[in-house]
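The values are calculated or read from the model by the stated rules, or taken from the named source; none is laboratory data. Small disclaimer: the values here were computed from a predicted structure and weren't measured. Don't worry about glycine lacking a Cβ; one is built from the backbone with ideal geometry, like all the others, and counts go over all protein chains shown.
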Amino acid sequence: EAKAKGRNTYHFYSQELNAAANERLFIENELRVAIKAKQFIIYYQPQVDSRTQQVVGYEALIRWFHPTEGMIPPTKFIPIAEATGLIVELGAWVLQEACEFAARLAMQGRENNISINLSARQFKDAKLVPLLASIIKKTKVPAKCLHLELTESMLMGNVEAAISQLHQLKTLGVSISIDDFGTGYSSLSYLKRFPVDILKVDRSFVKDIPDDPNDMEITAAIIAMAQKLKLNVVAEGVETIEQVEFLQNNNCFIVQGYYYSAPIPESELSNLFEKLNERAGS
Ligand code: C2E
Ligand code: MG
Ligand code: MG
Ligand code: MG
């Protein structure tokens, strides 16, 4: 009897594992197709100065519209793209698209910062710097508009190599942001050694403001520390006016989140400006 039960349990787990493995395999196979079939599009989420309601930049966030599965979120496919190495090609496409977008904005006299997420593999790639240099040259994007987003864990593995890569990237004229700041395990003393420009306060600290006093303390401390280190700070995942006000009271004015706008395709930017203008006027 025990044996039968054990077998059932095994069967149960193996079915779950199978389902997960199958989904992974499905996504991996479909990713190869999707890259060729151009099923991706970049959405842009505005970063707004809460004092003026002016858009100061955008984060480029990839979207995959699969012909039968619908939208597959990046949290589902980016890790698989990373593990299989497909991220290198996909990431190069994101860089190209986002730089073209930034160049279009600059041409229209609406020069804005564009933040682009880099994956660990992309960041380590020796070809990243020459690739970005060539994209900057071809698209004529002002390099100072580009902000590359990295996470703490990407800097912590091989610290010397990371510092050297960051210096090379900065030679191109771009800025460096630390994404999801506070969720990794970088020590503060290390942070000073990296030539970074911006800290992005992770959404997990912002989302329970004003209900969670600990999160409020942490958020305030991150902002204060960023200021001491002369880094700019952007708050992520801002959804309410209370959060905007808390951040303002703690000297963080650049915010990104659903309160202002979800990520949107380029075609919806004019609607966004209308909405922000109305808000600024009211
Ligand atoms: P991230 O870089 O931290 O991006 C912020 C995520 O928070 C985005 O999710 C965005 O849609 C979401 N978000 C923004 N404001 C709010 C808000 O007010 N409330 C809530 N609940 N969520 C908000 P998304 O677009 O699903 O992307 C998830 C992650 O996937 C990104 O986190 C990033 O790590 C990765 N990712 C997205 N696009 C790319 C890309 O082109 N390349 C790489 N390497 N990674 C990417
Ligand atoms: Mg990001
Ligand atoms: Mg983030
Ligand atoms: Mg994140």
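Quick one: how many residues across the range 138-154 are away from ligand 1 (no atom under 15 Å from the Cβ) and farther than 11 Å from ALA102 by Cα?
Count: 1.
Can you tell me which residue is nearest to ligand 4 (Cβ to nearest atom) among those in the range 173-189 that are exposed (fewer than 15 other Cβ atoms within 10 Å of the Cβ) and of a type outside the set (S, T, N, Q)?
TYR185
Could you please tell me which pairs satisfy a Cβ distance under 8 Å, a separation of 6+ or placement on different chains, a first residue in the range 236-248 that is free of Cβ contacts under 8 Å to residues at least 60 places away in the same chain, and a second residue that is of a type in the set (Lys, Arg)?
Every condition considered, the pairs that remain are GLU236/LYS200; GLU236/ARG203; GLY237/ARG203; GLY237/LYS207; GLU239/LYS207.
Inspect the range 111-120 for any residue being crowded, with 21+ Cβ neighbours inside 10 Å, among the hydrophobic types (A, V, I, L, M, F, W, C), part of a helix (DSSP H, G or I) and in contact with a Leu (Cβ under 8 Å, 6 or more places away or on another chain) and give the result as yes or no.
No: the range 111-120 contains no residue that is crowded, with 21+ Cβ neighbours inside 10 Å, among the hydrophobic types (A, V, I, L, M, F, W, C), part of a helix (DSSP H, G or I) and in contact with a Leu (Cβ under 8 Å, 6 or more places away or on another chain).
Limited to the range 164-195, what total is found for residues that are within 16 Å of ILE136 (Cα to Cα), outside any loop (DSSP other than H, G, I, E, B), in contact with a helix residue (DSSP H, G or I) (Cβ under 9 Å, 6 or more places away or on another chain) and more than 16 Å from ligand 1 (Cβ to nearest atom)?
Within the range 164-195, residues that are within 16 Å of ILE136 (Cα to Cα), outside any loop (DSSP other than H, G, I, E, B), in contact with a helix residue (DSSP H, G or I) (Cβ under 9 Å, 6 or more places away or on another chain) and more than 16 Å from ligand 1 (Cβ to nearest atom) number 2.
Report the residue count in the range 246-274 for those that are closer than 15 Å to ARG203 by Cβ and part of a helix (DSSP H, G or I).
Matching residues across the range 246-274 total 2.
Could you pull out the residue among ALA34, ALA21, ALA60 that is touching a strand residue (DSSP E or B) at 6+ places or on another chain (Cβ under 7 Å) and more than 30 Å from TYR260 (Cα to Cα)? Give the steps one after another, and end with the answer.
Numbers: ALA21 fails: touching a strand residue (DSSP E or B) at 6+ places or on another chain (Cβ under 7 Å); ALA60 fails: more than 30 Å from TYR260 (Cα to Cα).
That would be ALA34, the only listed residue that is touching a strand residue (DSSP E or B) at 6+ places or on another chain (Cβ under 7 Å) and more than 30 Å from TYR260 (Cα to Cα).
Conditions (1) at pLDDT 95 or above; (2) part of a helix (DSSP H, G or I); (3) loosely packed, with under 15 Cβ neighbours inside 10 Å, marked per residue:
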position	(1), (2), (3)
THR219	yes, yes, no
ILE223	yes, yes, no
VAL244	yes, yes, no
LEU276	no, yes, no
ALA280	no, yes, yes
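Does at least one position in the range 218-230 carry a residue that is of a type in the set (S, T, N, Q) and out of contact with any strand residue (DSSP E or B) (no Cβ under 8 Å at 6 or more places or on another chain)? It would help to see each step written out before you state the result.
Taking the range 218-230 and keeping what is of a type in the set (S, T, N, Q), we get 219, 227.
With out of contact with any strand residue (DSSP E or B) (no Cβ under 8 Å at 6 or more places or on another chain) added as a condition, the list becomes none.
No - not one qualifying residue is present in the range 218-230.
What are the residue pairs meeting all of these: first residue in the range 127-150, first residue touching a residue at least 24 places away in the same chain (Cβ under 8 Å) and within 22 Å of VAL196 (Cβ to Cβ), second residue part of a helix (DSSP H, G or I) and charged (D, E, K, R), Cβ atoms under 8 Å, and 6 or more apart or on different chains?
Note: pairs meeting the criteria are VAL141/GLU100.
Only residues that are hydrophobic (A, V, I, L, M, F, W, C) and either over 15 Å from LYS228 (Cβ atoms) or modelled with pLDDT of 95 or more (or both): list them for the range 186-207, please. Talk me through it step by step, then tell me what you get.
First, pick out the residues of the range 186-207 that are hydrophobic (A, V, I, L, M, F, W, C): 188, 191, 194, 196, 198-199, 201, 205-206.
If the condition is that a residue be hydrophobic (A, V, I, L, M, F, W, C) and either over 15 Å from LYS228 (Cβ atoms) or modelled with pLDDT of 95 or more (or both), then PHE194, VAL196, ILE198, LEU199, VAL201, PHE205, VAL206 are the ones that fit.
I'm trying to understand the selection: among the residues of the range 161-185, which are modelled with pLDDT under 95 and away from ligand 2 (no atom under 16 Å from the Cβ)?
Restricting attention to the range 161-185, the residues satisfying the condition of being modelled with pLDDT under 95 are 180-185.
The answer is TYR185, and nothing else.
Report, ordered by the first and then the second residue, all pairs with beta carbons closer than 8 Å, sequence separation of six or more or different chains, a first member in the range 198-209 that is within 16 Å of ILE116 (Cα to Cα), and a second member that is part of a helix (DSSP H, G or I) and near ligand 1 (Cβ under 7 Å from one of its atoms).
If the second residue must be part of a helix (DSSP H, G or I) and near ligand 1 (Cβ under 7 Å from one of its atoms), no pairs are left.
I'd like to verify a number: residues in the range 188-218 that are away from ligand 3 (no atom under 14 Å from the Cβ) and either closer than 10 Å to CYS252 by Cβ or of a type outside the set (Ser, Thr, Tyr) (or both), how many?
Within the range 188-218, the subset away from ligand 3 (no atom under 14 Å from the Cβ) is 188-197, 208-218.
Next, from what is left, pick out any that are either closer than 10 Å to CYS252 by Cβ or of a type outside the set (Ser, Thr, Tyr) (or both): 188, 191-197, 208-218.
Residues in the range 188-218 being away from ligand 3 (no atom under 14 Å from the Cβ) and either closer than 10 Å to CYS252 by Cβ or of a type outside the set (Ser, Thr, Tyr) (or both): 19 in total.
Can you confirm whether GLN47 is of a type in the set (S, T, N, Q), closer than 30 Å to ASN249 by Cβ and within 16 Å of ligand 3 (Cβ to nearest atom)? Walk me through how you get there before you give the answer.
Numbers: of a type in the set (S, T, N, Q): yes; closer than 30 Å to ASN249 by Cβ: yes; within 16 Å of ligand 3 (Cβ to nearest atom): yes.
Yes, satisfied.
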